[in-house]
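The values are calculated or read from the model by the stated rules, or taken from the named source; none is laboratory data. The structure presented is a predicted model; accordingly, all values stated were derived computationally and were not measured. Every residue, glycine as well, gets a Cβ built from its backbone with ideal geometry; the counts of neighbours run over all protein chains shown. The area values use the complete protein model at the heavy-atom level, side chains included, leaving out ligands, DNA and RNA. Shrake-Rupley method; radii C 1.70, N 1.55, O 1.52, S 1.80 Å.
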Amino acid sequence: MALQFLFQFLSLLLLFTTICISATYPGSSTRFDTMRRRMTSKSNSHLPPEFVTYYYTQTLDHFNYKPESYATFQQKYIKNFKYWGGASTSSPIIVYIGEEAPLTFGVHGKGFIVDLASRFKAMLLYIEHRYYGDSMPFGSFDEAFRDANTLGFLSSTQALADCAQLITDVKRNLSAENCPVIAIGGSYGGMLASWLRLKYPHIATGALASSAPILYFDDLTPQNGYHVVVTNDFRDVSESCYNTIKQSWSEIDRVAGQTNGLTTLSNIFQTCSPLNSSKELKDHLGMIYVISAQNDNPPYNPVRTDILGKVAAGLNASLLRGGPEAQCNHIIDFTPKNTSGWTWQTCTEMVMPIGHGENDTMFQGSPFDLNNYTKSCQALFGVTPKPHWITTEFGGHDIKSVLGNFSSNIIFSNGLRDPYSVGGVLEDISDSVVAVYTKDGAHGLDLLDATPSDPEWLLAERQKEIKIIELWIAEHNARLIKTGNRIGF
């Protein structure tokens, strides 16, 4: 009887594993999708013809004047003139700020940006982040990631300067100096978009920062905030589901501690290769849960639909068949690697203190430990993290006063089912630095392609953003007229 209960209990978790991998929302940006960051995008064959790829000769180091700082690399960017009204009408330029992924991830699936271009007769400009995709300094991935000396030019500040320089040159070449620039990005790219407006207000007229956790640094946000939201996402849907996950960790450890326990777990979860430890399995399951919660957007809603509905059906079927029918499961190795650009960034400046205690979420306790974090980074790259640098460089403490006095024209959009929303700006700071959020949305939903099944609350969110951006453009053009710069029609 005990063995039958164990099989049924862990079979339910197995179904979570099988289902959630395929349920991850396409085109999403997530800190946990480590594999994506190692990909390159040499082929643009899947892009529509109006998206034309270019390469810009970019400065390696914008902040020093040593001879080696003047080295250059080829930075990928994409332009789309399909809807542009032209420089003579001061039609806007919408700039997509690339995140920690190949640039094509920013083009595919981000239909709201194209909708904005159509509405405002805007040109689209997509900029790839240095050290990702095809934008590799030193000529190749291997050379760029050789050691800390070559990786040292990978930072948010260098990336922002890249955008500032490239935007300026593109505008100059098009005689489009009077055209307003609207910066848009999601997740880390959203953080960059807001910081571009803050640091380079003469270049970016406004910014839409979608799911941008600019406050998940220092002690600005509770360390357990991310996993508390994940827990609430599951618990809101099913108390039984929440309890099952919460109890599963100790059960996995108990089975692993038995004779041939790892073999038992490997068989139950039908792993493609034998498990080496219970931690390996728990890390894999935990990652699936957080990815599902972070991307719990319609129409897929992996937490609500794919997990709960199919797990219930699958578990009932397993009782009849004696076990779930599934292919083997690849257990992903989430061990940090020194070939990941994002790992480098988190080991230097992007230190987000995400952790959780033993009883405050549905996960086993895993508090953030800066000492161990530092040791890991030193072992990987030979560098020591700077946990306070982001708030020093961009602010964060007393955010209302800082942004209220020194910034304008920023939309911070969030879905409260997104675990990163706890580190986002959720209140209006001023009349023009505003928070737009939805109770039911998750990560980066507002930027994605519109679908016939989009709920009313999502349509309302996008419409609000459109109205705000429309106001920015109108104010920009009014200033041009007031200062004597003619706008053609």
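Only one of the numbered conditions (1) surrounded by fewer than 18 Cβ atoms within 10 Å (Cβ to Cβ); (2) part of a helix (DSSP H, G or I); (3) touching a Gly at 6+ places or on another chain (Cβ under 9 Å) is not met by I473, and that is (1).
Yes/no per residue for (1) polar (S, T, N, Q); (2) part of a helix (DSSP H, G or I); (3) open to solvent by less than 20 Å² (accessible area, probe 1.4 Å):
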| position | (1), (2), (3) |
| --- | --- |
| P336 | no, no, no |
| W342 | no, yes, yes |
| P353 | no, no, yes |
| T361 | yes, no, yes |
| N371 | yes, yes, no |
| K400 | no, yes, no |
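Does D446 satisfy the condition of being acidic (D, E) and either modelled with pLDDT of 95 or more or in contact with a Pro (Cβ under 6 Å, 6 or more places away or on another chain) (or both)? Yes: the conditions hold for D446.
Restricting the range 238-274 to residues that are of a type in the set (F, W, Y) and over 28 Å from L370 (Cβ atoms), the residue that is surrounded by the most Cβ atoms within 10 Å (Cβ to Cβ) is F269. On the given criteria, is T34 modelled with pLDDT under 50, open to solvent by 30 Å² or more (accessible area, probe 1.4 Å) and either touching a helix residue (DSSP H, G or I) at 6+ places or on another chain (Cβ under 9 Å) or not basic (K, R) (or both)? Spelling it out, T34 is indeed modelled with pLDDT under 50, open to solvent by 30 Å² or more (accessible area, probe 1.4 Å) and either touching a helix residue (DSSP H, G or I) at 6+ places or on another chain (Cβ under 9 Å) or not basic (K, R) (or both). Of the residues making up the range 217-248, those that are touching a Leu at 6+ places or on another chain (Cβ under 7 Å) and in a helix (DSSP H, G or I) number 4. Residues that are touching a residue at least 24 places away in the same chain (Cβ under 8 Å), assigned to a loop (DSSP other than H, G, I, E, B) and either farther than 15 Å from T231 by Cα or aliphatic (A, V, I, L, M) (or both) within the range 412-426 comprise L416, G424, V425, listed in sequence order. Scanning the range 217-237 for residues that are open to solvent by 30 Å² or more (accessible area, probe 1.4 Å) and over 17 Å from L370 (Cα atoms) gives V228, N232, R235, D236, V237.
Among the residues of the range 374-398, the ones that are open to solvent by less than 60 Å² (accessible area, probe 1.4 Å) and in a helix (DSSP H, G or I) come to 9 in all. Close contacts from the range 192-216, counting a first residue that is in a strand (DSSP E or B) and a second that is among the charged types (D, E, K, R), with Cβ to Cβ under 7 Å and a gap of 6+ residues or different chains, come to G206/R197; A207/R197; L208/E465; S210/D446. Count of the range 212-246 residues, restricted to those that are under 16 Å from S366 (Cα atoms) and either under 19 Å from the mean Cα position of the chain (by Cα) or at pLDDT below 95 (or both), is 10.
Output the residue which, of all residues in the range 275-292 that are under 16 Å from I354 (Cα atoms) and of a type in the set (A, V, I, L, M, F, W, C), is least open to solvent (accessible area, probe 1.4 Å). Within the range 275-292, the match that is least open to solvent (accessible area, probe 1.4 Å) is V290. Among the residues of the range 242-269, those that are of a type in the set (S, T, N, Q) and more than 18 Å from D333 (Cβ to Cβ) comprise N243, T244, Q247, S248, S250, Q258, T259, N260, T263, T264, N267.
Residues being among the aliphatic types (A, V, I, L, M), more than 13 Å from N329 (Cβ to Cβ) and part of a helix (DSSP H, G or I) are represented in the range 272-292 by at least one member. For the range 145-167, the candidate set comprises residues that are of a type in the set (G, A, S) and surrounded by fewer than 20 Cβ atoms within 10 Å (Cβ to Cβ); within that set, the residue that is farthest from the chain's Cα centre (by Cα) is A148. Among residues of the range 438-466 being among the acidic types (D, E) and assigned to a helix (DSSP H, G or I), the one that is surrounded by the fewest Cβ atoms within 10 Å (Cβ to Cβ) is E456. Which condition from (1) at pLDDT 95 or above; (2) not in a strand (DSSP E or B) is the one that A435 breaks? All conditions pass for A435, except number (2).
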